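Let me begin by presenting the structure, written as structure tokens, before commenting on it.
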Amino acid sequence: MIILEEKIFLKNYILTLESLNKYLNILLDNNIGNSNVLLKKQIIGYTNFNYPIYNIIVGNGKKDVVLIGGTHGCEIASVYFMLELLFTFLYDKSLDKNLFSKYTFHVIPVLNPEGFKISTSILRENFKNKSLQEIEEISKIYVRAYNQDDENAIKGYNLDKLYKKVLKSSVNYIFDNQMRKSIIDILNDCNLDESVLPIWSANAIGIDPNANSIHKFEMLQKYRIKHKYGKLRYNDIPAYKPSPIGYHGFDKLSPKCPETLSIYNYIIKLYENNIISNSQRKLVSIFSYHLTGGEIYSTPDNSASEKQIKLHEMCTKEYSKYTNYYSVNDKLKYGFMDFFRLKLEGVLSLTIELSKVSGNPISCFTNFENFKKDLQMPNLRGLKFGDYGFLGF
């Protein structure tokens, strides 16, 4: 049996893209917990630098549920949660025995492998010889610096960013020559140095998978040109051109952002069953997990149907009951999940920020015990034990 530290925090407590993929294979090859559960790994696309985007299919029910981690490379807690979710599916004896005959779960551990590789390569080098306590202390220092940078930005102080000084960063920590060259070109073009690598959110050619949506693309283009840089502690990072965060891409659903194109095509294919009148198979829910804020983004655009708005209001209250996360009504509504909330009628589409502590990528490491609790119970209970059954029915 795999104990907690082994299943969540791998060697030296840091998960990298390579160890993630190795661990997924271990889970799939040793499916002894729920041996009768249909379990399959497939590839839904490849990144610009030829990294596969994996989807783990669990169950064989007629209700499809999609769960997405790692849309932004530096939001590493979401990837840990995907592993915890898979482990729960395979080993948790308290699960409803009929769960996997009712539902098919499509678990995408990391939608943005390139961004995840960039960020975690830096963390691996910083933490490889550190104890758990040392990692916690460094993470606390990092979060304090991160928050001070926000305060300085709000007050209009033009100061060097404190968060950049906590972790040592180098492109040489990233063992992919082609990807490393692309990163160097982006840094040079944006007048940035290697200290921004830990917070790398985009893919390796500088496109943010969340922003490269079909939804309000032209509006976002105009917004980014007007507001050239990121917010608060990122106000020195361009968001109007290829960069570590926020750039929407050259065109909507661009082939140069295969991460977004892959998840869009996959979900639209699942949704085709919903519009076939005699189809018994339905896509019911999409959950996209991010890292900071303890927030739920769930309000559809006001042009959505009344039924769609009520569905999201009801299920957000249910999810909040178990997590104490609060609902955020983001007025911009530009991401691919916003498109799904508006256009996929009858499908629950929640974007969930897992940690209440701000500070990508390591705010989740400020307290390992709290992190484990967040991964194990509130969010899993939000899925498992709602008054309406599994959220989204």
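Just in the range 282-344: which trypsin sites (Lys or Arg not before Pro) are loop by DSSP and have at most 14 other Cβ atoms within 10 Å?
Answer in residue order: Lys331.
In the range 253-336, carbon and sulfur make up what percent of the accessible area (probe 1.4 Å)?
51
With all protein chains present, how much of the accessible area of the range 143-205 (probe radius 1.4 Å) comes from carbon and sulfur, to the nearest whole percent?
Here carbon and sulfur together make up 45 percent of the probe-accessible area.
For a quick size check, give me the Cα extents of the range 50-89 along its three principal axes, largest first, whole Å.
Principal-axis extents of the range 50-89 (Cα, largest first): 33, 25, 14 Å.
Which aspartates and glutamates, if any, have their Cα less than 14 Å from the Cα of Lys226, not counting same-chain residues under 8 positions apart?
Straight-line reach from Lys226, under 14 Å: Glu218.
Given Cα positions, please report Rg to Rh for the range 23-165, the hydrodynamic radius being the Kirkwood one.
We get a ratio of 1.09 for the range 23-165.
Going out from 0 in 5 Å bins, what whole percent of all Cα-Cα distances in the range 144-210 drops into each bin?
3, 15, 22, 21, 19, 12, 5, 1, 0
Taking only the alpha-carbon positions of the chain and ignoring solvent, what does the Debye formula give for the base-10 log of I(q)/I(0) at q = 0.13 Å⁻¹?
After summing over all Cα pairs, the log10 values are -1.10.
As an exercise, find the ratio Rg/Rh for the range 72-132 from alpha-carbon atoms, using the Kirkwood inverse-distance average for Rh.
Using Cα coordinates only, the ratio equals 1.12.
Mind checking the log10 I(q)/I(0) for the range 222-366 at q = 0.15, 0.17, 0.20 Å⁻¹? Debye, one equal scatterer per Cα, no solvent, two decimals.
With one equal scatterer per Cα and no solvent, log10 I(q)/I(0) is -0.93, -1.15, -1.38.
Can you give me the accessible area per residue for the chain, using a 1.4 Å probe, in Å²?
42
Calculate for the chain the 222 nm mean residue ellipticity that helices alone would give, adding -39,500 (n - 2.57) per DSSP H run of length 4 or more and normalising by residue count, nearest 500 deg cm²/dmol.
Per the formula, -12000 deg cm²/dmol.
The values are calculated or read from the model by the stated rules, or taken from the named source; none is laboratory data. The shown structure was predicted, so the numbers you read here are calculated from the model rather than taken from an experiment. Heads up, the Cβs are rebuilt from the backbone with ideal geometry, glycines too, and the neighbour counts pull from every protein chain shown. Just so you know, the surface numbers come from the protein's heavy atoms only, side chains and all, with ligands and any DNA or RNA stripped out. Shrake-Rupley method; radii C 1.70, N 1.55, O 1.52, S 1.80 Å.
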